[in-house]
Amino acid sequence: MNTNEAAKYFECLSSSIRLDIFSLLIRYGKDGRVAGDIASELDLPASNLSFHLKALMHCQLIVVEQEGRFLRYRANLPLMKELAGFLTKQCCITQSKNSAC
């Protein structure tokens, strides 16, 4: 992952609501959540939730799967791990005596 790609994902998460949604979906892992459960847990109106889910899907941070008449949303965990790896690989590249690493 390069800096421009990472910036795109971080920009998508710059909304506190989208960050809350993404964090919630990370906690539920592969089980994900249906939209109604996400709205209930985060106390969001459906229209507001829909707007933010579409933004997260557009930048590929979440995926959606049809289950009967419901849509199940899941965090894109491989992408989340890649994004975390992008940040952690920068840790202690330049070491010094005062480094906390």
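The numbers here are math on the coordinates, done by the rules we state, and not lab data. Computed from a predicted model, the values in this text were never measured in an experiment. No Cβ is skipped: glycine too gets one built from the backbone with ideal geometry, and neighbour counts run over all protein chains shown.
Listed values, structure above:
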quantity	calculated
Sites residue 34 and residue 91, calculated FRET efficiency, Cβ-Cβ separation with R0 35 Å, nearest 0.05	0.40
Distance between modelled label sites at residue 82 and residue 14, nm, 7 Å Cα→Cβ extension	2.2 nm
Point-to-point label distance, residue 2-residue 70, nm (Cα→Cβ direction, 7 Å offset)	4.1 nm
Helical contribution to [θ] at 222 nm, DSSP H n ≥ 4, -39,500 (n - 2.57), averaged over the chain, rounded to 500	-17000 deg cm²/dmol
Label of the coordinate-derived value, P(r) over Cα pairs in 5 Å bins from 0, in percent, listed as [x] 2, 13, 25, 27, 21, 9, 3, 0, 0; [y] 2, 11, 19, 20, 14, 9, 8, 7, 6, 3, 0; [z] 2, 12, 22, 21, 15, 10, 7, 5, 3, 2, 1, 0	[z]
